[in-house]
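Colleague: Quick one: the structure is below, questions incoming.
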C-alpha cells in the first residue's frame with residue numbers, strides 16, 4: 001500500500017527513521033545492555049531473538065527488508081550470527097518489528113493479553129508533502145499484503161494505483177464526503193457511509209470539498 005499511492009507532483013521520498021534524540025537514547029540503552037550481558041554471547045542472543053520476533057509477526061525476510069530498509073542479505077547474515085548489526089541497523093529493525101531493544105535480551109517470556117498500545121504520536125504515517133492526503137497506518141506490519149487498515153485525511157485529489165488481482169477495498173467516511181471511482185463506475189459517499197469496491201482495476205478516491213477523512217481497509221493487496 002505504501003508504494004501504491006500516487007499523488008500530483010513529484011513522488012514522495014521513502015520513509016526513513018528520524019535519527020535524533022530517540023536514536024541517541026537507543027544508543028545509550030544499547031551500550032548499557034551490552035555491559036549487562038557482557039558475560040553472554042550478545043550477538044548470538046540478538047540473532048536468535050530478532051529471528052523469533054520476525055517470525056512471530058509472520059514476516060518473511062523480504063517483507064522485513066522492505067519494512068526496515070535493511071537488505072535481505074544483511075538480515076540473513078544477522079540472523080545467522082554472521083554479522084553484527086550497527087546501532088543504526090538495530091534501530092531500524094526494532095522500529096520495524098515494533099519491539100523494545102531491551103525486550104530482545106529479556107529472558108522473561110510471559111504472555112500478555114494486551115499485546116500492544118500504539119500511541120497516536122508513534123503511529124506510522126505517510127505524508128504526501130501537502131499534495132493531497134496523509135495516511136496513518138493502523139494495522140501491524142505482519143498483516144501487510146493480507147488485511148491492511150489505514151486512516152486517510154484528504155485535502156486534495158489523490159489517486160491509487162491498481163493492486164494485484166482479487167484485491168478489494170472497504171472505505172468508511174468519517175468526515176466530509178468522497179468520490180470513489182472503480183473501473184467505469186463512480187459513486188459519492190458521505191459521512192457515515194461505507195463503500196466496498198474492486199481495487200485490482202483503475203480506481204480513485206477524491207475529496208469533495210476542502211477536506212475529508214476515511215478509514216480504508218485493503219484486502220489481499
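The values are calculated or read from the model by the stated rules, or taken from the named source; none is laboratory data. Computed from a predicted structure; not experimentally measured. Cβ placement follows ideal geometry from the backbone for every residue including glycine, while neighbour counts extend to all protein chains displayed.
Colleague: Quick check on region 58-98: of everything there that is buried (at least 18 other Cβ atoms within 10 Å of the Cβ) and outside any helix (DSSP H, G or I), which residue is modelled with the lowest pLDDT?
Modeller: 85
Colleague: Just give me the residues in region 132-181 being assigned to a loop (DSSP other than H, G, I, E, B), surrounded by 16 or more Cβ atoms within 10 Å (Cβ to Cβ), at pLDDT below 85 and in contact with a strand residue (DSSP E or B) (Cβ under 6 Å, 6 or more places away or on another chain), in sequence order.
Modeller: Passing the criteria: only 132.
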